[in-house]
Every structure is written in C-alpha cells, then in structure tokens.
Amino acid sequence: MSTSVTLRAIRAASKAVSDAGLKEAGFKRQGNHLHRHVGDVVHAIQFQASQWGSAASGSFTVNLVVTSPSVYTTWMGRPFPSNPASTLFPVNTRIGSMMPSRKDLWWTVADNTDLDDLSREVTAAILQYGMPFFEQFTSKEAMLTRLRHGKGLPGLTRPQALLVHAILAVEIGAFKEAQELLATAYDEAGVSKFRETVQLIGERLGTTLPPSGSEIEGTGWQC
C-alpha cells in the first residue's frame, strides 16, 4: 500500500525541522512528531493531517503543545503517553495562531508539490513563531503564574483552566487556593455534565466538594 502524499510531506517537513536546529535544542523526533523535556514540562510539535485528504492530495497543520506528566495523569486518570506529542493537553495552539495573520494555517499538498520548498516553509514558521511560543511555558510554575494573573492557557476553556489551576496549586502545597478554585468550578458548572469532571478531579486531588458553593474553610485534604 503506497504512502499518501500528505504523509510523505509531513515526514519530509518533520525531518527538516529536526535537522534545522531542533535536535540541538533538545527535541527528539518520535514518529513524525518532535518533543523535548524542559524541567518539569514537555514541549511538543505535532503534525496533524486533515481527515479529508486522499492518496494524491491533502493538507496538514502543526500543533504546538506544552504538557506535564503529572498534570496529564491527574486530569486523565491514566499514564502519560509514550509519545508526548499525542497529548494536546493542557496547553496547545496551532502554528497559524502565532503568526501575524492569526489565521488557522494548513499546508496543501499534491503529487506535484515541491517537498523541499514546503519543508523550508514549515521549518521557517516553527523556528520563527513556534519556538518563541514555547519560551512562554518553560515550567509548571510559569503556567501557574499565568493562571493566577487570569490569562488562561491556550487550548483550555475557563472551566478547564480552573481545574488545571487547582492541580498546579496542589502540587506546590497551595491547598486552600485549590479548594477555592474547585468550588468555583463546581458552582459555575451548574447542572452540566462538567460538574462530574470537577468532582472527579477533586477526588483525585484528595478533597470532597460541597454540594454547593458554600464556605469551604476548614475542610480537610487527604493529600
């Protein structure tokens, strides 16, 4: 079975990006994706093919990911994946959103596409716009600081950001802060299914949520 032109293009671009300096910057190429460990976080570059492509034509984009094994496992309740670029959690954004146009960017490919030119274009975009994105998130502390200042995290809704904030707070021992965040998330969830997610994360963090947003001062943690 022949490889689709999209997969060939991704493979070529991925290798070109790695060879253009990301290997020296600590990135490991795993499959067609790249990742590196920076302190207590992982930076990942994920190549995503469009589901609408054919063997002879298609398109792909690049996702920029910042993840953490401990945050991921607390949220998902399962082990951290062997390829970190598959997580897309908690921080992720498309390369196009980092570029001046702020538009979603997909590279279109066909049998006559010059893969060398395409690879150079993708590499330039990642080096110029992707790498500065990663510099904003060099630690879990950087994520927590951003959340504490109300800036949110790319790829997360406000309810999700409240829970990730709570997870990070627990990790540094800020239990009261985490309790307040969980209570806020619980109240804001209302009668939606997300309330169950809040309760589940609360249990994994070692606390029991109240049935409403009542005062939680003095409730005990089993962390």
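The values are calculated or read from the model by the stated rules, or taken from the named source; none is laboratory data. Bear in mind that the values here come from a model prediction, so they are computed numbers and not experimental data. Here the Cβ is made from the backbone with ideal geometry for all residues, glycine too, and neighbour counts use every protein chain on show. For the accessible areas, the whole protein counts, side chains as well, though only heavy atoms, and no ligand, DNA or RNA atoms are used. Shrake-Rupley method; radii C 1.70, N 1.55, O 1.52, S 1.80 Å.
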Query raised in the report: Does residue 49 count as modelled with pLDDT under 95 and farther than 30 Å from residue 203 by Cβ?
Result: no
**Report entry** Cross-chain or 6+ apart pairs with Cβ under 7 Å, region 101-124 first and acidic (Asp, Glu), then open to solvent by less than 70 Å² (accessible area, probe 1.4 Å) and in a loop (DSSP other than H, G, I, E, B)
**Finding:** 111/56
Query raised in the report: Quick one: residue 195 ticks every box in (1) touching a helix residue (DSSP H, G or I) at 6+ places or on another chain (Cβ under 7 Å); (2) in contact (Cβ under 8 Å) with a residue 60 or more places away in the chain bar one, so which box is it?
Result: (2)
**Report entry** Subset tally (residues that are open to solvent by less than 30 Å² (accessible area, probe 1.4 Å) and either more than 24 Å from residue 46 (Cα to Cα) or not in a loop (DSSP other than H, G, I, E, B) (or both)) for region 132-141
**Finding:** 2
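Of all residues in region 162-177 being without any contact (Cβ under 8 Å) to a residue 60 or more places away in the chain and assigned to a helix (DSSP H, G or I), which is surrounded by the fewest Cβ atoms within 10 Å (Cβ to Cβ)?
Looking at residues that are without any contact (Cβ under 8 Å) to a residue 60 or more places away in the chain and assigned to a helix (DSSP H, G or I), I get 176.
Quick grid of which residues meet (1) assigned to a loop (DSSP other than H, G, I, E, B); (2) surrounded by fewer than 15 Cβ atoms within 10 Å (Cβ to Cβ):
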| site | (1), (2) |
| --- | --- |
| 9 | no, no |
| 13 | no, no |
| 21 | no, yes |
| 29 | no, no |
| 44 | no, no |
| 52 | yes, yes |
| 55 | yes, yes |
Requested in this report: Within region 66-88, track down each residue that is open to solvent by 10 Å² or more (accessible area, probe 1.4 Å) and closer than 17 Å to residue 205 by Cβ.
Outcome: 69, 70, 72, 73, 74, 75, 76, 77, 78
Query raised in the report: Does region 67-74 contain at least one residue that is assigned to a loop (DSSP other than H, G, I, E, B), hydroxyl-bearing (Ser, Thr, Tyr) and within 19 Å of residue 140 (Cβ to Cβ)?
Result: yes
